[in-house]
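Student: Here you go, one structure.
The values are calculated or read from the model by the stated rules, or taken from the named source; none is laboratory data. Here the structure is a predicted model, which is why all the values come from computation and not from measurement. Please note: Cβ atoms are built from the backbone with ideal geometry, for glycine as well, and neighbour counts cover all protein chains shown.
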């Protein structure tokens, strides 16, 4: 049955169009699936009709008892306990609850999505109001049925009280379970008044109990009448403009909402700013400044604004902190930084260190946070009272890498100095033993010098891959791992080697069977997901005000950690607003200009890389594996789940297309 359902979805034109531009995400749910569409509000309904049509076209015995639910709302990425990607949020939760009202054949639609669909003349005749239904946790959902001769089920769902369906939207009966919303505004002010009426009408139609203060004078009766509905509201929407901020009445109303929230946790306060005009500092603007803001840009923005507000009402986002102490962006993030974001690999790394495993491999492209993760490891090891040796091979010059004798002696000498260990190189380092045995004898004595475990952190190991002695050196590390079994109770039980690198080791290491890269615990440095970007945005003071703005930044630069921090720093310091950042992002003199020019220089240095990039821009990359792995290590491209090669983010593709396309 699942196979038939999958086949039907894969024949859907709407699904395939969205998949071709990475605008849909399918998630298995055991006895069905969830399809998350991005960018196109019509795509879910089109897909539902096309799947229904496909299912009805086959033999009677193959037809499935299928029901569907459609909703538009916010979702966030997260990882489950096994590390698999999943999503959470009001968007997917409500979609499932909408579906749960249906019987076989029903395509049910939330009022939020139905109102969007009804902006298009072709869809309005297909939508039939079913009225409110009570879902899990007492949530009231205004439901519509999507039905025609070729799709849907014209019968009333058995879970709803019978009523006569009618075409178009209809205001539901008020019930005690409805959420209460108060809308605050300055009367007789445009376009504030127009936005207030629009919000009142749409929210009332969606089944909310909406209160509006339309009195004009402040007096004792007014204060009593206005204070009670604000204090008992679930959410308070305040319409903000420069003239409205001069209103003492509005200031009193906002203070009342904030006071009640401090006492009981409700109502949540949702400021809606009119346009992008600057708001002068005032007592009222100071009260609103820490809150997440919503913006109305004009009538075309009505449905988007109402969608954002409804999602925030059902699943409030955390308010931004008022003051944030920023720090420079670039290089390793200090271990005690409030801007260090933990990923699943961090937890695995920490646990492996505490178990004192022999070899830990930190693999990731450039600027993915490998050095920052190692710094976290150094901090943890020192907190445990362990000894730490740190070898950054990027600091070794060409002469020091020219021969194994010079390299090994320098490596041993730097470890001895760091750990304050005296070693007589003149008498103990005997050329007859060769570099590997001399290094092993030195390390054995260094480890035995103290009962405490030793962690040896090796950063930028890629620099060694091209050295003539690379295979011998990495083979030596592998031998210490093997000695844990052949020499139980020996010094190697107390040694953990941590190696950070970007390039595929198999391209350079002659014998992988004598290499640490196929026995150590491999930790992949992943891009930040939406949830982690939202978390980091909070730490920067919330320069991105809504989940939609977070999604826009992610669509531009993906989850590349350095770019995310650079973007949030720029937004938090007011150098750019999000819209202007998007507009100027791929320019040489734009907010990411220095970073992009370095990428361009690295591409232009080697002809076969230029050829590969041009092929990828044209949609047919060459099979040059050297170019592929170089670009992968540089973080310019990545590989999808199905092996498809793509640019790391839209910004890279746009910039390189401008210069090389």
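Student: For segment 499-509, which residues satisfy the criterion of being at pLDDT 70 or above and either in contact with a helix residue (DSSP H, G or I) (Cβ under 6 Å, 6 or more places away or on another chain) or not in a strand (DSSP E or B) (or both)? If you could, list the steps in order and put the result at the bottom.
Tutor: Filtering segment 499-509 down to residues at pLDDT 70 or above leaves 499-504.
Passing the criteria: 500, 501, 502, 503, 504.
This table checks each residue for (1) in a helix (DSSP H, G or I); (2) crowded, with 18+ Cβ neighbours inside 10 Å; (3) not assigned by TED's automatic domain parsing to the domain that holds residue 350.
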site: 420; (1), (2), (3): no, no, no
site: 441; (1), (2), (3): yes, no, no
site: 450; (1), (2), (3): no, no, no
site: 468; (1), (2), (3): no, no, no
site: 477; (1), (2), (3): yes, yes, no
site: 482; (1), (2), (3): yes, no, no
site: 485; (1), (2), (3): yes, no, no
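Student: Only residues that are under 20 Å from the mean Cα position of the chain (by Cα) and without any contact (Cβ under 8 Å) to a residue 12 or more places away in the chain: list them for segment 29-49, please.
Tutor: The answer is none; no residue qualifies.
Student: Let me ask something else. In segment 248-366, which helices (runs of 4 or more DSSP H) lie fully inside it and hold 3 or more residues that are at pLDDT below 90? Talk me through it step by step, then tell me what you get.
Tutor: Numbers: elements: 248-264, 283-288, 302-314, 344-354.
Output list reads 248-264, 283-288, 302-314.
Student: If you don't mind, another one. With the condition kept exactly as written, say whether any residue in segment 608-627 is touching a strand residue (DSSP E or B) at 6+ places or on another chain (Cβ under 6 Å) and not assigned by TED's automatic domain parsing to the domain that holds residue 310. Please lay out each step first, then the result.
Tutor: Looking only at segment 608-627, we keep the residues that are touching a strand residue (DSSP E or B) at 6+ places or on another chain (Cβ under 6 Å), and these are 621.
Next, from what is left, pick out any that are not assigned by TED's automatic domain parsing to the domain that holds residue 310: 621.
Scanning segment 608-627, I find at least one residue that is touching a strand residue (DSSP E or B) at 6+ places or on another chain (Cβ under 6 Å) and not assigned by TED's automatic domain parsing to the domain that holds residue 310, so the answer is yes.
Student: Right, next: Looking at segment 510-529, is at least one residue assigned by TED's automatic domain parsing to the domain that holds residue 366, farther than 27 Å from residue 372 by Cα and in a loop (DSSP other than H, G, I, E, B)?
Tutor: yes
Student: I would also like to ask the following. Take the residues of segment 6-45 that are closer than 21 Å to residue 148 by Cβ and part of a helix (DSSP H, G or I): which is modelled with the lowest pLDDT?
Tutor: First, the residues of segment 6-45 that are closer than 21 Å to residue 148 by Cβ: 8-9, 11-15, 35, 37, 40-45.
Of the ones still in play, those that are also part of a helix (DSSP H, G or I) are 8-9, 13-15, 43-45.
On the way: 8: 87, 9: 91, 13: 93, 14: 92, 15: 92, 43: 93, 44: 95, 45: 94.
Here the answer is 8.
Student: Check whether at least one residue in segment 387-401 is exposed (fewer than 13 other Cβ atoms within 10 Å of the Cβ), under 36 Å from the mean Cα position of the chain (by Cα) and without any contact (Cβ under 8 Å) to a residue 40 or more places away in the chain, and report yes or no.
Tutor: So the first thing to find is which residues in segment 387-401 are exposed (fewer than 13 other Cβ atoms within 10 Å of the Cβ), and the list is 394-395, 397-399.
From what's left, under 36 Å from the mean Cα position of the chain (by Cα): 394-395.
Within this subset, residues satisfying the condition of being without any contact (Cβ under 8 Å) to a residue 40 or more places away in the chain are 395.
Yes, because at least one residue in segment 387-401 is exposed (fewer than 13 other Cβ atoms within 10 Å of the Cβ), under 36 Å from the mean Cα position of the chain (by Cα) and without any contact (Cβ under 8 Å) to a residue 40 or more places away in the chain.
Student: What do you reckon, is residue 579 surrounded by fewer than 20 Cβ atoms within 10 Å (Cβ to Cβ), in a helix (DSSP H, G or I) and free of Cβ contacts under 8 Å to residues at least 60 places away in the same chain?
Tutor: On the way: surrounded by fewer than 20 Cβ atoms within 10 Å (Cβ to Cβ): yes; in a helix (DSSP H, G or I): yes; free of Cβ contacts under 8 Å to residues at least 60 places away in the same chain: yes.
Against the criterion (surrounded by fewer than 20 Cβ atoms within 10 Å (Cβ to Cβ), in a helix (DSSP H, G or I) and free of Cβ contacts under 8 Å to residues at least 60 places away in the same chain), residue 579 qualifies.
Student: Quick one: which residue in 404, 459, 430 is touching a helix residue (DSSP H, G or I) at 6+ places or on another chain (Cβ under 8 Å), surrounded by fewer than 17 Cβ atoms within 10 Å (Cβ to Cβ) and at pLDDT 90 or above?
Tutor: 430
Student: Kindly indicate the residue of segment 605-642 that is touching a helix residue (DSSP H, G or I) at 6+ places or on another chain (Cβ under 7 Å), in a loop (DSSP other than H, G, I, E, B) and in contact (Cβ under 8 Å) with a residue 24 or more places away in the chain and also nearest to residue 502 (Cα to Cα) among those meeting that condition.
Tutor: It comes out as 636.
Student: Which condition number in (1) part of a loop (DSSP other than H, G, I, E, B); (2) out of contact with any helix residue (DSSP H, G or I) (no Cβ under 7 Å at 6 or more places or on another chain); (3) buried (at least 16 other Cβ atoms within 10 Å of the Cβ) is the one that residue 48 fails?
Tutor: Of the numbered conditions (1) part of a loop (DSSP other than H, G, I, E, B); (2) out of contact with any helix residue (DSSP H, G or I) (no Cβ under 7 Å at 6 or more places or on another chain); (3) buried (at least 16 other Cβ atoms within 10 Å of the Cβ), the odd one out for residue 48 is (1).
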